[in-house]
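Can you keep this structure in mind? I'll have questions shortly.
The values are calculated or read from the model by the stated rules, or taken from the named source; none is laboratory data. None of these values were measured; they are calculated from a predicted model. Cβ placement follows ideal geometry from the backbone for every residue including glycine, while neighbour counts extend to all protein chains displayed. Calculation scope for accessible area: heavy atoms of the full protein, side chains included, ligands and nucleic acids excluded. Shrake-Rupley method; radii C 1.70, N 1.55, O 1.52, S 1.80 Å.
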Amino acid sequence: MKDDVMKTPIPVSLPPLATGLIAVAACAIFGWLFLLAESEVAVLGLVLLAVLAGWGAQKTGLSATLGTAMHQHSGAMNGAIVASLLAVIALLGTEHFPLLMLSTMLLYLVAALGLNVQFGLTGMVNFAGAAFFGIGAYTSAVLTTHTAVPPLLILLAGGLIAALIGALLIVPVVRTAGHYSAVVTIAFGVLFKTFLEVNEVLGGPQGLMVGSMNVFGWDFNNGPVLMGHEMSFYVNYALLSSGLAILAFALTRRLERSWLGLALDSVRLDETASACFGINVVRAKVLAFTYGNILAGIAGALYGMMISFIAPNSFTFSDSLLMVSIVLLGGLGSLWGSALAAVIVVLVPEKLQILQEYRFLLFSVLVIAMLLFRPQGLLPRGVRSYFPGGRAQR
Amino acid sequence: MDIGLLGQYLANGVMLGTMYALVAVGFTLFFGVLDVIKFSHGDVLMIGAFTGFTTYLGIVAIGIENPWVALVAVLVVSIATTAALGALIARYLVLPLKSAPPLNILLITLMLGTALREGVRLFYPDGSNPKAFPALLPTASLELGSFSLRADSVILVSAGIAVIIGLNLLINRTRLGLAIRAVAQDEETAKIMGINYTMIVLVTFAIGSGAAAFAGIMNGLYYNEVNFGMGLLLGLIGFSAAIIGGLGNIYGAILGGFLFAGLQTVGAVALPFASAYKDVFAFGVVIALMAWKPTGLIAERSSDRV
Amino acid sequence: MSEVLLEFEGLAKSFGGVRALDGLDMRVKRGEILGLIGPNGSGKTTSFNVVTGIYTPTSGRVRFDGRDITGLGARKVYEAGIARTFQRSRLCLDLSIFDNVMIGNHARVNNGLWFNLMNRRGLRREVEDGYARARELVAGFSADLADRMFAPVGALPMIERRRIEICRALVSAPKLLLLDEPSAGMTHDETAQLMDDILAVRDRMGDLSIVIIEHEMGVIERLTDHCVVLSYGRKISEGSYAAIAADPEVQTAYLGVD
Ligand SMILES: Nc1ncnc2c1ncn2[C@@H]1O[C@H](COP(=O)(O)OP(=O)(O)OP(=O)(O)O)[C@@H](O)[C@H]1O
Ligand SMILES: [Mg+2]
């Protein structure tokens, strides 16, 4: 009786769920306070608090309980997480800058999820993440200024163009592995930025203006009105970015928990053996590479519209490395890990302006330490369970 | 196009090729002994150039004016520092990760490169701006029509080629080189033969990094400038050159270095739209080459035994 | 249907100057267990690698089940019905037992993008079927393992890993199973256990043919119907175990005297 993984419901007990919901609420309040915190001291205090809380959760077994909650009550937990994200956006309401930061973080997360499929699942390093993000942004700059394509479609176009340009790299990336494909993507990343800098049509080093988002006639330059109060226009972008991040997260989760995800894992761990068991290695790599580039392109397209002005300097090799750092810090293949790491890598330096200047240094040192002492990342990926709750753990 | 201009491009290409080959040889040496890519190589080169620059300032400060003395001091200090840095990286970042997935070493050294680059930018006095590297070599030139051959260029290229030949002799003709090749061939057997494995790895990293420092100084003398970002591009070019040549093969690295320089020069001369695209062109060709010959022109020995 | 399942004809493979296979002729009959033996470096593993399409032969042909499969590529060979294990265990250590076995089942599941991302109900059914199948197979080797289908493989001892490797190869119900030194890295008792398992599997899957590479002569003696002896990439002897054991040429090849 105990062997039927799918059907036997694991006995439901309230404590994990209750603990989980309380933890989500606590995180939401924390996030809200953190985004609003003004003084460096307050931010530093909150960062310290978070580190302590994380450490405490490990020590007291709270994190294990949370894992159980996520696993057994994934519906309720995911719902709570989405609800608290929306609540935080509503609470921030009129605050331009915190909303912009939150949206930026979410869009970086979308790109990092794509990279995680490429790198974490399939083992294909892509050191041109920022370039594909930039392709999306430049696509939206060109299309919003020169055409009347509806902006929602421009998002898709950003993903599509990123995938198409990525397709130019497919032959060398798929035919090679490890350091060989690394050099291809690094070369592409550097080439892309150099190209933007010298290309006059795309604005050269000065960059381009990008038009704003517009959904069914609702221009994102207008602040939405909630109960008589006009909110920041960034609320629009925060909501759309949240939607995008949730969609990307759910899709990536499904990909990971499917036969395709298994094939990607197998290709990462042993290409030769994979082929000997009938796995189409080329297909797996093309799928992962394209999937990741589409996500980066879409995220970049919305990012461009949101910040309304883009330049080659936002899409450098160092930015690509920052995206790879998100994946590495969070843990290879770990989606929640990427989410946590996106918060750390994007939000913390934005809030701590003293760190802003030092962020590349800071995160490169952090990743070095991580690779040496905790290569599995902050939130290591667990064993695959194909369905929520569908894993007999003994 | 007149002969003089052509000669100028040729001289320029040879200069670049020598520099790139020096960097590529380092990548190939590291890959040979350990099967790893140490991507911080370019930034180690930059550290070498900055160490050299700092040494020069120190020399001037203690009142030594003779450029030859300064040059020797610059070279000695910078090569020694960089060699030590290379050995430290091997000891504390590369060797501990030897049994981890091979990409981790690429990643950790990439991050180290970033840290070095950012470290110089943030902590070297006025590090974010380029520094004027002193002209320590005689600048007299020989005019042949429109082609002028400068003495410093000749010295630089000759010295660079001498270093490459010296490295080659070191690897192929000395006991140390024999030990390095033994480790590269087969680590286990080399250990059984009584070779001090760790020592050889550290020495190899020191040698490769020293060569990079030399290339860094060459670069500084040639362009009369050093800046914190110089290593990123040079590292990438050296890495590409080593890969095009076929990793682990010293001749391949030299070939790759000159090939890349040739591509850049051709890109600058032949492309109708501005030489600004020369790097775009060169990297584009690298990507195309990788699509055509994924493991380089001189194929790497296959290591995946089933 | 012909009696011969797999046939090599003048199979040769060189690596640079090394002739790993040098004109090998060999046949495997349906339903038999064939022992492939020979000194280290005599080309046994290489012959597996050539059959399974990891290497293309320098010359010669491989026929399987009435078809020429020379140079077909690993994936196609697998689909034709040949599965193998590796000399150096090649499981995915980070993945669960279930995942590892299901990698072998890859050709039988729906790999469509839409199906995997959107048809959760269909996928769930396939996962349940796959689970039942994998569990039954694993239970045939060890009931204890079958209760831990979601444990990572990396934590298991060598013998269990070998069992899972064999399950991974068997889950697709191949016609031919190639075992490359299944006893490597195991104690004498463990080897004996694993051989019992293999015999039991053969009894359960009536028409399965097996080629086994082994250095332990006891294993060969117990398991095989027929043996082929390689030396320097050539066949130097074949026949029953008793016959090849008595062959003086085989003895010199193993002892290395001329
Ligand atoms: N990929 C390869 N590249 C170069 N040489 C190889 C390769 N694979 C095998 N060889 C060589 O081919 C010969 C036969 O090797 P093979 O692995 O087939 O031997 P084997 O009979 O399986 O030996 P063992 O009992 O040690 O496993 C050996 O000399 C080996 O070094
Ligand atoms: Mg073998």
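Per residue of B:154-160, count partner chain C-beta atoms within 10 Å of its C-beta, then hand back the mean as an integer. Mind dumping the intermediate values first?
Values: counts 0, 0, 0, 0, 0, 0, 0.
The shielding value for this peptide is 0.
On to the next question. Using only the Cα atoms, what convex hull volume per residue in Å³ does the stretch B:8-138 have? Walk me through the intermediate numbers first.
Numbers: hull volume 17.2 nm³, N = 131.
Per-residue hull volume (Cα only) is 132 Å³.
Using a 1.4 Å probe, what is the accessible area per residue for chain C, in Å²?
Per residue, chain C has 42 Å² of solvent-accessible surface.
Another one. For residue C:235, enumerate residues with amide H under 5 Å from its amide H, sequence gap 5+ or separate chain, H modeled in the peptide plane.
Counting only residues 5 or more places away or on other chains, the set is C:25.
Moving on. Just tell me how shielded C:124-135 is by partners: mean number of partner chain Cβ atoms within 10 Å of each residue's Cβ, no decimals.
For peptide C:124-135, the averaged partner shielding equals 3.
Considering every pair of different Cα atoms, what Kirkwood radius, in Å, is found for the stretch B:9-50?
On the way: mean 1/r = 0.0884 Å⁻¹.
Hydrodynamic radius (Kirkwood, Cα only) of the stretch B:9-50 equals 11.3 Å.
Using all C-alpha to C-alpha distances in the stretch A:95-354, build P(r) with 5 Å bins and read off the rounded percent in each one.
1, 7, 13, 18, 19, 16, 12, 7, 4, 2, 1, 0, 0
Still on this structure, please answer the following. Work out from phi, with θ = phi - 60° and the Karplus expression 6.51 cos²θ - 1.76 cosθ + 1.60, the ³J(HN,Hα) of each residue of the stretch B:23-40, listed in order in whole Hz, and give x for Gly and Pro.
Residue by residue, the stretch B:23-40 yields 6, 4, 4, x, 4, 5, 4, 4, 5, x, 6, 10, 6, 10, 9, 9, 6, 6 Hz.
Right, another one. Which residues' amide hydrogens lie under 5 Å from the amide hydrogen of residue A:215, considering only partners 5 or more residues apart or on another chain, with H built in the peptide plane?
Under 5 Å from the amide H of residue A:215: A:220.
Another question, if that's okay. Over the protein assembly as shown, what is the percentage of antiparallel beta bridges among all DSSP beta bridges, to the nearest 5?
70
While we're here: Roughly how much accessible area, to the nearest 100 Å², goes out of reach of solvent when C and A pair up, both sides summed, probe 1.4 Å? Before the final figure, lay out each step's value.
Working: alone 12710 and 19140 Å², together 28050 Å².
For C against A, buried area totals roughly 3800 Å².
Right, another one. Once amide H atoms are built 1.01 Å from N in the peptide plane, which residues 5 or more positions from residue C:226, or in another chain, come under 5 Å H to H?
Close amide H contacts, sequence-distant or interchain: C:33, C:35.
Taking the convex hull of the Cα atoms, report for the protein assembly as shown its projected area averaged over all directions, in nm². Before the final figure, lay out each step's value.
Working: hull surface 181.6 nm².
Reported value for the Cα convex hull: 45.4 nm².
I need the calculated FRET efficiency for the pair residue A:51 and residue C:14, taking r as the beta carbon distance and R₀ as 56 Å, to the nearest 0.05.
Values: r = 60 Å, r/R0 = 1.06.
With R0 = 56 Å, the Cβ-Cβ based efficiency is 0.40.
Could you rank the peptides B:248-260, C:175-187 by their average count of other C-beta atoms within 10 Å per residue, with the highest value first?
On the way: B:248-260: 24.2, C:175-187: 20.9.
Answer by packing, highest mean first, reads B:248-260, C:175-187.
Further question on the same structure: What are the equivalent ellipsoid semi-axes of the stretch A:325-394, built from the alpha-carbon gyration tensor (square roots of five times its eigenvalues), in whole angstrom, biggest first?
29, 14, 7
Sum up the lysine pairs in chain B that clear both bars: alpha-carbon distance under 24 Å and a spacing of 8 or more or different chains. Mind dumping the intermediate values first?
Working: B:38/B:98; B:38/B:191; B:38/B:293; B:98/B:191; B:278/B:293.
So the count works out to 5.
The stretch B:26-229: D in µm²/s via Stokes-Einstein (Kirkwood Rh, Cα pairs, 4 °C, 1.567 mPa s)?
71
Where does each of A:100-109, A:20-29 land if you order them by average Cβ count within 10 Å, highest first?
Working: A:100-109: 24.7, A:20-29: 17.4.
Highest mean packing first, the order is A:100-109, A:20-29.
Which residue, chosen from C:169, C:101, C:130, occupies the Cα position most advanced towards the positive end of the dipole of the stretch C:93-173, where the dipole is computed from +1 (Lys, Arg) and -1 (Asp, Glu) charges on Cβ about the Cα centre?
Looking along the dipole axis, the top candidate is C:130.
May I pose another question? Under the Karplus relation 6.51 cos²θ - 1.76 cosθ + 1.60, θ = phi - 60°, what is the ordered set of whole-Hz ³J(HN,Hα) values for the stretch B:197-212, x standing for Gly and Pro?
4, 4, 4, 5, 4, 4, 4, 4, 5, 5, 5, x, 5, x, 4, 5
Let me ask something additional. What aspartates and glutamates could a cross-link reach from residue A:285, if we take a straight Cα to Cα line under 18 Å and drop same-chain neighbours fewer than 8 places away?
A:256, A:265, A:270, A:271
List the lysines whose alpha-carbon lies under 28 Å from that of residue C:235, not counting same-chain residues fewer than 8 positions away?
Reachable lysines: C:13, C:29, C:44, C:76, C:175.
To the nearest 100 Å², how much accessible surface do chains A and B cover up together, summed over both, with a 1.4 Å probe?
Heavy-atom accessible area buried at this interface is about 3700 Å².
Of all the accessible heavy-atom surface of the stretch A:95-354, with the other protein chains kept in place and a 1.4 Å probe, what percent is carbon and sulfur?
Of the solvent-accessible surface of the stretch A:95-354, carbon and sulfur hold 69 percent.
Once you put a point 7 Å from the Cα of residue B:199 and another 7 Å from the Cα of residue C:40, both along the Cβ direction, what distance in nm separates them?
2.8
Carbon and sulfur together cover what percent of the accessible area of chain B at a 1.4 Å probe radius?
67
Under DSSP H, which helices of chain A have Cα atoms covering 18 Å or more of the helix axis and a Kyte-Doolittle average no less than 0.5?
Numbers: long enough: A:14-36 (33 Å, 2.07); A:40-60 (29 Å, 1.40); A:74-92 (27 Å, 1.98); A:96-115 (28 Å, 1.84); A:129-146 (26 Å, 0.93); A:151-175 (36 Å, 2.37); A:179-198 (28 Å, 1.32); A:234-256 (32 Å, 0.88); A:281-307 (39 Å, 1.34); A:317-330 (20 Å, 1.89); A:359-373 (21 Å, 2.58).
Span-like helices, by this rule, are A:14-36, A:40-60, A:74-92, A:96-115, A:129-146, A:151-175, A:179-198, A:234-256, A:281-307, A:317-330, A:359-373.
May I ask you to evaluate 6.51 cos²θ - 1.76 cosθ + 1.60, the Karplus curve with θ = phi - 60°, for each residue of the stretch B:90-95 and list the ³J(HN,Hα) values in order in whole Hz, giving x for glycine and proline?
Couplings: 4, 5, 9, 10, 8, 4 Hz.
When Cβ neighbours within 10 Å are restricted to other protein chains, what is their mean count per residue of peptide A:365-375? Numbers along the way, then the final one.
Values: counts 6, 2, 7, 10, 2, 3, 10, 7, 1, 0, 6.
Counting Cβ atoms of other protein chains within 10 Å of each residue's Cβ and averaging gives 5.
Give the separation of the Cα centroids, the stretch A:239-299 to the stretch C:132-153, in Å.
Using only Cα atoms to place each centre, the spacing works out to 27 Å.
While we're here: Beyond 26 Å, what share of the Cα-Cα pairs of chain C is found? Please give it as a whole percent.
Tail fraction, whole percent: 42.
Another question, then. When you count, for each residue, the other Cβ atoms within 10 Å and take the mean per peptide, how do C:20-30, C:215-225, A:189-199, C:96-106 rank with the highest first? Mind showing how you got there, number by number?
Numbers: C:20-30: 19.1, C:215-225: 17.1, A:189-199: 21.7, C:96-106: 25.6.
Sorting C:20-30, C:215-225, A:189-199, C:96-106 by mean packing, highest first, produces C:96-106, A:189-199, C:20-30, C:215-225.
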